[in-house]
């Protein structure tokens, strides 16, 4: 239980710092999108470097910001899941639903981050194939892990119900 409390404390701290930055991110996105001036500032979001100078780069920037906001929402759901674990609500429909939602949100966040990276490489004619671990693969794998974990919890929930009926 001590490890769960430690993890919850770390996630709460990260959530607090991220929630403080959400208004700043939204203000900055509005400024970038509705400004007619070109910004010569390169942005690095999730390993993707992007210079917002024209409409195409603004669209790619929006995809990256949506990816970050979805990841923050996934972190919020993870906080709710840890809270249920603290309350010892483990094999419940709510837990399974949150696990599944976390999986979908993280997979979508990975796709929204991977699409701009692929399009920017396509526009620059620098498409490359790497066999190492990149943020897209890690994030997508994490999302799939949560989806598989939700299925495991469904099976465990059914086994627990069957076990409760036999006694």
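The values are calculated or read from the model by the stated rules, or taken from the named source; none is laboratory data. Treat the numbers as computed from the prediction; the structure is a model and nothing was measured. Every residue, glycine among them, receives a Cβ derived from its backbone with ideal geometry; neighbour counts consider all protein chains shown.
Quick look at the values:
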| read-out | value |
| --- | --- |
| Among the residues listed as 118, 153, 112, the single one being over 16 Å from the mean Cα position of the chain (by Cα) and closer than 20 Å to residue 69 by Cα | 118 |
| Any hit, region 57-65, residues being part of a strand (DSSP E or B), modelled with pLDDT under 75 and in contact with a strand residue (DSSP E or B) (Cβ under 9 Å, 6 or more places away or on another chain) | no |
| First in region 44-71 and farther than 24 Å from residue 102 by Cα, second anywhere and at pLDDT 80 or above and crowded, with 18+ Cβ neighbours inside 10 Å, Cβ under 9 Å, 6 or more apart | 50/64 |
| Residue count, region 81-100 (criterion: in a helix (DSSP H, G or I) and in contact (Cβ under 8 Å) with a residue 60 or more places away in the chain) | 6 |
| Residue check, residue 78 under 24 Å from residue 9 (Cα atoms) and either in contact with a helix residue (DSSP H, G or I) (Cβ under 7 Å, 6 or more places away or on another chain) or touching a residue at least 12 places away in the same chain (Cβ under 8 Å) (or both) | yes |
| Counted residues, region 131-141 - those being part of a helix (DSSP H, G or I) and surrounded by 12 or more Cβ atoms within 10 Å (Cβ to Cβ) | 6 |
| Verdict on residue 154 being touching a helix residue (DSSP H, G or I) at 6+ places or on another chain (Cβ under 8 Å) and buried (at least 17 other Cβ atoms within 10 Å of the Cβ) | no |
| Residue within region 118-125 that is at pLDDT below 80, farther than 19 Å from residue 146 by Cα and touching a strand residue (DSSP E or B) at 6+ places or on another chain (Cβ under 8 Å) present | yes |
| Residue among 159, 144 that is exposed (fewer than 15 other Cβ atoms within 10 Å of the Cβ), assigned to a helix (DSSP H, G or I) and at pLDDT 95 or above | 144 |
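Every residue, every condition in (1) buried (at least 17 other Cβ atoms within 10 Å of the Cβ); (2) at pLDDT 80 or above, yes or no:
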{"residue": "21", "(1), (2)": "no, yes"}
{"residue": "28", "(1), (2)": "no, no"}
{"residue": "50", "(1), (2)": "yes, no"}
{"residue": "70", "(1), (2)": "yes, yes"}
{"residue": "89", "(1), (2)": "no, yes"}
